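To keep things clear, I will list the structure first and then write my remarks on it.
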């Protein structure tokens, strides 16, 4: 089956999705009352972590204290990006850092940093 010419033109006009550099792990995170999706982020020790975050309802924030990450997520749905290195292994709390209502204190996720493999 041959695709019509206009379909081929449309496909060729799509931007290429850049590949992640080696040692990088990216996540799209959506904050909404009163959860983060995905709730658990898993990476390897030493990886660069890129979070592309947005709110789907009201103003939120995202904080991971151990990695000095703290970003406000506006209620406009604008994507906010943060990048950091997962320099130590362990399980770390991801919290909402902007009061967002009665469930705010329970709005948590986890960052799981797996230990670097022994060489």
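Each reported figure results from applying straightforward, stated rules to the coordinates on display, with no laboratory input. What you see is a predicted model; the values in this text were computed from it and never measured.
Does segment 60-119 come out rounded, prolate or oblate, given a ≥ b ≥ c as the square roots of the eigenvalues of its C-alpha gyration tensor, rounded meaning a/c under 1.5 and, failing that, prolate meaning a/b above b/c?
Judged from the Cα gyration tensor, segment 60-119 comes out prolate (a/c at least 1.5, a/b above b/c).
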* Asked: From the square roots a ≥ b ≥ c of the eigenvalues of the alpha-carbon gyration tensor of segment 19-114, which class results: rounded (a/c under 1.5), prolate (a/b over b/c), or oblate?
  -> prolate
